[in-house]
Amino acid sequence: MRTHYCGQLRSDDIGATVTLYGWVDRRRDHGGVIFVDLRDRTGLIQIVSDPERTPVSYGVADGLRNEYVVKITGRVSQRLEGSLNPKLSTGEVEVYADAIEVLNAVRKQLPFQVSMGEPETSTVREELRLRYRYLDLRRERMARNLQMRHGIVKAMRRFLEDEADFMEVETPILTRSTPEGARDYLVPSRVNPSEWFALPQSPQLFKQLLMVSGVDRYYQIARCFRDEDLRADRQPEFTQLDMEMSFLSQAEILALNEQLVAHIFKAVKGIDLPLPFPRLTYAEAMDRYGCDKPDTRYGLELVEVSDLVADSGFKVFSGAVKSGGMVKILPIPGGNEVISNVRIKPGGDLFKIATDAGARGLAYIRVREGGTMTRSGGSKDNLSEAQKQEILARTGAQEGHLLLFGAGDAAIVNATLDRVRQAIAKEMDLIPADALNLLWVTEFPMFEWNADEKRYEALHHPFTAPHPDDIADLTTARAVAYDLVFNGYEIGGGSLRIYQPDVQAKVFETIGLTEAEANDKFGFLLEAFEYGTPPHGGIAYGLDRLVMLMTGEESIRDAIAFPKTQQARCLLTNAPAGVDAKQLKELQVASTFKPKPKSEGD
């Protein structure tokens, strides 16, 4: 039997006989003495075999190659002074192999090097990594990420169960399709012809029903599914920590979740997070950063000047304000030195960022010596001296500042300056590498207007409680909702829920659902509310995104064992794939897809 994992051996084990299992990470022949780095999920240990001290194992050791699966029995010994390896947790010891048994060999050429000895900078194409994911997961980087993911989930469970009295309850994977979300993944029912299940986008309705059931404090590491366009931090199937609590106020929910997150960081990374986390309302976040998930590790805050330029002679500014839009400034200290006019004008990289966000471009003014303000080539900005001085006062701009202006529709101005702000912060190296900025964003709008469908839709979901002060007009109401933001990424979001049937019916009416439609889709929930529903609220964390951020990865795919590509494909199993016609016949389902005819050049 195995006595130890490879990464567990220390100087306290010197003299012990151990049995280890693992993979050959590297084999080296140093003048007749063979050294083998043996690897398992806990790390490396150096194995030694020589013809004099370990004659039985020497012949086998000589034939070992990278990634052979072996069993090794031997004695733990102190490494010689010159051979200590401080980079390894096992670097003070080695194992002299009395016996080596090859359990399995490698029969094909490896598609890429797996060894932990490979430098971290060595790169393998992601497509190849995903095709041979089982090999990629052996490599140090991915093995480390997977271990951290396990540690994060373990810390979540321990806090919620042992310290906060939560109960884990599983909710259904096969459920019904409901509106007001992303596209569902649908599953046809064989025993109920022409009817369909949907895979859950979240356990939202079931966890609210659990509150009606008296569970009181529920959690689940939940699998969720959304058929939506993918990005680096999105997957068609993902995992979230799902929570729901009865009888707690928003302040109590936020405080409990701060303790949870602090526990995770302490348990996994040994970091003490200062509590409580800062808080911004949605309105404050949009005003200062143009974004509802602001990265607050650096400054570059936006400054609105709509009132100052409403009557200016510069028609781009005055016209934007008169048409109901806004004018904002992104002040950049030292921007005159690093950002040229060419980059801001058509064809430049900053111009492209602005136009990709929907803007027509960026206006700009440079602050020169003595606080004078000039545009490119000294062209007129049509601002009065009083307006200029007030702009300098509001922005705190001094000599060397570059002022970038966004003018137009508020949503486009905010999106534009937010993206430019992020790009400039990276370029100017303004982001501290080790900063961990967590904050709550609260008081989101209840609804947003869908111009295409000419109706209101819930900004979060239609079960979010409206702010008590705004109940008279739900179309302009704030929601009792909260997002947790970590270094510019939303990692969790939740709200207090509606638990009164009349308020829930009013929300359904606001988003355009008739009473019949609401009863058809959510009748079971509305009926449950008639039987004594406690006030309750909850939150869900994107586990994959949290792991991505805590491991320092840039793609969520490196935080998941077996992810999909941006085309929602699994390269390892080649899924999705066709199925047998018999299966479709049993389901009474047929495809209407018609492949496009190939052209002569194809």
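The values are calculated or read from the model by the stated rules, or taken from the named source; none is laboratory data. Predicted model, so just to flag it, every value in this text is computed and none were measured. Methodologically, a virtual Cβ is constructed for each residue, glycine included, from the backbone with ideal geometry; neighbour enumeration extends over all protein chains shown. Heavy atoms of the whole protein, side chains included, go into the accessibility calculation; ligands, DNA and RNA do not. Shrake-Rupley method; radii C 1.70, N 1.55, O 1.52, S 1.80 Å.
Report the FRET efficiency, 1/(1 + (r/R0)^6), for Val124 and Arg231, where r is their Cβ-Cβ distance and R0 is 35 Å, rounded to 0.05.
Computed FRET efficiency for Val124 and Arg231 comes out at 0.95.
Can you tell me what percent of all Cα-Cα pairs in segment 164-312 are more than 21 Å apart?
66
How fast does the chain diffuse by Stokes-Einstein, in µm²/s, taking the Kirkwood radius from C-alpha pairs at 25 °C and 0.890 mPa s?
Value of D from the Cα-based Kirkwood radius: 85 µm²/s.
Name the aspartates and glutamates eligible as straight-distance cross-link partners of Lys154: C-alpha to C-alpha under 15 Å, and not fewer than 8 places from it in the same chain.
List returned: Asp162, Glu163, Glu168, Asp242, Asp544.
Please state the charge dipole magnitude for segment 541-602, taken about the Cα centre, from unit charges on C-beta atoms (+1 on K and R, -1 on D and E), reported in debye and rounded to the nearest 20.
320
Would you please give the FRET efficiency between Ala590 and Val342, computed as 1/(1 + (r/R0)^6) with r the Cβ-Cβ distance and R0 = 56 Å, to the nearest 0.05?
Between Ala590 and Val342 the formula returns 0.45.
Quick one, can you get me the convex hull of the C-alpha atoms of segment 331-477 expressed as volume per residue in Å³?
186
Given a Förster radius of 35 Å and the C-beta distance between Gln398 and Thr355 as r, what FRET efficiency does 1/(1 + (r/R0)^6) yield to the nearest 0.05?
In this case the efficiency is close to 0.75.
Measure off, as a whole percent, the carbon and sulfur share of the 1.4 Å-probe accessible area of the chain, all protein chains present.
Roughly 51 percent, rounded to a whole number.
What pairs in Lys454/Lys506; Lys207/Lys269; Lys345/Lys426; Lys207/Lys585; Lys108/Lys269 have C-alpha atoms more than 28 Å from each other?
Violating the 28 Å Cα-Cα cut-off are Lys207/Lys269; Lys207/Lys585; Lys108/Lys269.
Which order do Met243, Met286 take when ranked by solvent-accessible area (1.4 Å probe, heavy atoms of all protein chains), largest first?
Correct descending sequence by accessible area is Met286, Met243.
When we measure straight from the Cα of Lys388, which lysines land under 19 angstrom away, once same-chain ones fewer than 8 places off are left out?
Lys315, Lys328, Lys380
Provide the descending list of Cα extents for segment 493-540 along its principal axes, expressed in whole angstroms.
So the three principal-axis extents are 28, 25, 16 Å.
Under a point-charge model restricted to the Cβ atoms of Lys and Arg (+1) and Asp and Glu (-1), what is the dipole moment magnitude of the chain relative to its Cα centre, in debye to the nearest 20?
2060
Calculate the radius of gyration of the Cα atoms of segment 211-267 to one decimal place, then report Dmax, the largest Cα-Cα distance, as a whole number, both in Å.
Using the Cα atoms of segment 211-267, the pair Rg, Dmax is 14.7, 39 Å.
What does the charge count around Arg343 come to, taking other residues whose C-beta lies under 12 Å from its C-beta (Lys +1, Arg +1, Asp -1, Glu -1)?
0
Could you tell me whether segment 446-504 comes out rounded, prolate or oblate from its Cα gyration tensor? Rule is a ≥ b ≥ c as square roots of the eigenvalues, rounded for a/c under 1.5, then prolate if a/b exceeds b/c, otherwise oblate.
oblate
Hey, can you rank 424-431, 288-295 by average C-beta count inside 10 Å, highest first?
288-295, 424-431
Between Asn192 and Lys506, what is the label-point separation in nm under the 7 Å Cα-to-beta-carbon projection?
Result: 3.3 nm between the two label points.
Where in segment 531-602 are there trypsin sites (Lys or Arg not before Pro) that are in a DSSP coil and have at most 16 other Cβ atoms within 10 angstrom of their Cβ?
Arg569, Lys598
Give the residue from Leu496, Pro462, Ala472 lying farthest towards the positive end of the charge dipole for segment 434-550; charges sit on Cβ (+1 for Lys and Arg, -1 for Asp and Glu) and the dipole is referred to the Cα centre.
Value computed over the given set: Leu496.
Using only alpha carbon positions, build the gyration tensor of segment 514-590, then give the equivalent ellipsoid semi-axes as the square roots of 5 times its eigenvalues, largest first, whole angstrom.
36, 29, 10
Along the charge dipole of the chain, pointing to its positive end and built from +1/-1 on Cβ of Lys, Arg, Asp and Glu, which listed residue (Val36, Ala164, Val338) has its Cα farthest out?
Comparing the listed Cα positions along the dipole, Val36 ranks first.
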